[in-house]
Structure formats: C-alpha cells, structure tokens
Amino acid sequence: MIIKGGRGCLAPQTTMLLKEVHMTALNRRAFMAATAASIAAPTASGAKECPTAGMEWITMSLEARNLAYNNVEHVGPENARKKTEGWAAASKTLREQRPKHLDLAYGNGERNKWDLYPANDPKVPCFVHIHGGYWQRGSKEIFACLSDGPLARGWSAALCGYTLAPEATLTQITNELKSAFDWLNAKAGEHGIQGPIIVTGWSAGGHLTSFILDHPKVAAGLAISGVFDLGALRDSPHVNDKVNLSEEEIQKLSPMRRPIVNKPLGIAYGTGELPAMIASSRDYHAYRSQGHVPGDLIPIANTNHFTILDELRQPNSTLTRAVIAMAQY
C-alpha cells in the first residue's frame, strides 16, 4: 500500500498523520509509547519486542532506550549478519562484472569515492544509493547489489562512500556528502551518466537522503527506514557512543527540524520494523505533508529493517517501482 501525498491535496491517511504530528509536538514521549503499543505489524522470525509500550522516554532504562532503535538486536544478530554477508557476496560479483568506473575519488578521504554503473544510454535516470549502518558501519562495496533492480530496468546506478564515525562527526559526514554530489554534478557526464539523479538511502542513509535532497543535482529521493529526528538517538549507546551527536547537530541535521524541501521524496518502511522506526517514517511523511510537497508513504508488508532492502534487487518490486516513478514527477 502506498499512501499518496503532496500535489496540493491530502489523502485521508495523510490527514490522520497530520493529527499525529500535532499530538507529537504536544507530547512526543507519550506518542512514541502509544505507537509502540498500537502498531499491529508482523515481525521477522526471531525479532524481539520493543520495550517502549506504556513507558515515558524520560523514565525508560538505558537498555530500553537502546533497544527502541536497535535494529540488529530486533531481528537478531545472526539474521543481520547473514543478510549483510549475502549482500556483500552479490555486490562483489556485480563489481567484478562492471569494474570500469569504480573507486572514483571525490575527496581526500579513504572512503571519499564513487562507484558508477552507467547504462548504455547516458540520458536515462541514475539510481544513487547511500548506504546505512548508523553512520559507523557499512560501505558502498557491501550494498552495490541494491542497484540490481534499477539496472535491470535500464537505469544507470551509483554508490558513494563517506568517512565513518567516530573518525568523522555527523557534520563532517554531511559535508562529505555535499562534496560527493558536487563531484557527481561536475564529473558524472564524463563517465556516461547524464540523466536525472534519484537518490535513495537506507537507515542512516535514509537520513542522509533527506539531508541531500536539496542539492541541485538531486531530482527526487526515496528514504528507506530512516531516523529523521536525531534527538531520539541521543540515549542509544549503540549509536551515540561512536557518533557523539552534539546538540547543535541534533538541531541542524535532523530532517524533522529542517525546512521542507519541495522535491519528491518517498518514505518507506517495513511493517515488521521496530515501532519507533515505523513512527519515525510516519512522522516525517506527515511533517512534509504539511508543506504539500510530493512524496508517498510506502509501507512494505512482511519486511523488517533488513529484508526490506531485498525489494531494490527486484525489477518489479514495490520499492523499485517507487524509484522508477520518482523520475516521472
């Protein structure tokens, strides 16, 4: 199911979401607790319940705050490891098959590089993916296979790397992304990519997708399973022990606290994700809907924070079709 938004009129679901945003502004902690208790969604095999139901954030234990956004713990570390290893193996094959435009430097950092996969037609749209890992894990090399679906539809594809925390602050990471897209704007044509850029990102990459949406090179975006108010991660040790978010970064780099960008942005989540993660996507879609900007809310049934990415590997899946549709706005 895709909940429509933007273009000057709001669907009934969106009206409901706007009411949620109003309630969120009044009492965020109470809303999150209610969301955790009320969302009826299938969970992945072995997934653990989020311990937020009926609890105020201020009274939650450190463990409870940690688990509220701990996606690995939710699906199980072994399940997360197997899924990541599968992506890495498939991505290794793709990179070996298409080695001509790999590791193109956009900056001085070791990870400041692009992998490009140009299509036969340079003018077709380009699928760009920003990897996740809570800004402290992951790489473009692991997630290259997520371009399988768009590549099968005749698109170009590109993936960029960035310096990870704690070596880099989130401020530095976002600055690197700006430089990366400046490079793409200037150099992509030399490598056979001249079409519109549709940027996607997962988890931390979902946050970065929203952040980079205002770049002039970006035509539209799809944020998958992101966290859009960084304040929610302040008390999550598995994130903030390495990312070390400052109060200034929470204010300036949270999409929920930034001006609404008038470009199409789809927001997707798995119905089997943690309640706090689901609420993050729903809240952000509602926030953007207040500005009557285009972009759909896209719940992907029977998927969790990890299995949702398998959608991008299929040429006719809901997520791949959502990416394709972004080029038609």
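Step by step: find N for the stretch 178-274, compute 2.2 N^0.38 Å, then divide the Cα radius of gyration by it. What's the final number? Normalised Rg, Cα atoms only: 1.19. Under the rule a/c < 1.5 gives rounded, and otherwise a/b versus b/c splits prolate from oblate, where does the stretch 227-296 land using the Cα gyration tensor? The shape class here is oblate.
A simple rule links phi to the HN-Hα coupling: the Karplus curve 6.51 cos²θ - 1.76 cosθ + 1.60 with θ = phi - 60°, which for the stretch 191-206 gives 10, x, 10, 10, x, x, 9, 10, 9, 10, x, 10, 6, 4, x, x Hz, with x for Gly and Pro.
Full extension of the chain between residue 88 and residue 214 gives 42.3 nm of extra length, using 0.36 nm per residue less the Cα-Cα distance. Debye-formula intensities of the stretch 75-224, expressed as log10 I(q)/I(0) at q = 0.18 Å⁻¹, are -1.05 (one equal scatterer per alpha-carbon, no solvent). Between residue 167 and residue 187, the contour length at 0.36 nm per residue exceeds the alpha carbon distance by 4.5 nm. In order along the stretch 173-183, the phi-based Karplus estimate (6.51 cos²θ - 1.76 cosθ + 1.60, θ = phi - 60°) of 3J(HN,Hα) comes to 4, 5, 5, 4, 4, 4, 5, 4, 6, 4, 4 Hz; Gly and Pro are listed as x. Here residue 217 sits with roughly 40 square angstrom of accessible surface, probe radius 1.4 Å. Between residue 81 and residue 302, the simple spin-label model (points 7 angstrom out along Cα→Cβ) gives 2.8 nm. Rounded to the nearest Hz, the phi-derived 3J(HN,Hα) couplings of the stretch 264-273 under the Karplus curve 6.51 cos²θ - 1.76 cosθ + 1.60 (θ = phi - 60°) are x, 9, x, 10, 10, 8, x, 5, x, 7, where x marks glycine and proline.
The values are calculated or read from the model by the stated rules, or taken from the named source; none is laboratory data. What you are looking at is a predicted structure, and each value in this text was computed from that prediction instead of being measured. Using ideal geometry, Cβ is built from the backbone for each residue, glycine included, and neighbour counts are taken over all protein chains shown. We work out accessible area using only protein heavy atoms, side chains counted, and drop any ligands, DNA or RNA first. Shrake-Rupley method; radii C 1.70, N 1.55, O 1.52, S 1.80 Å.
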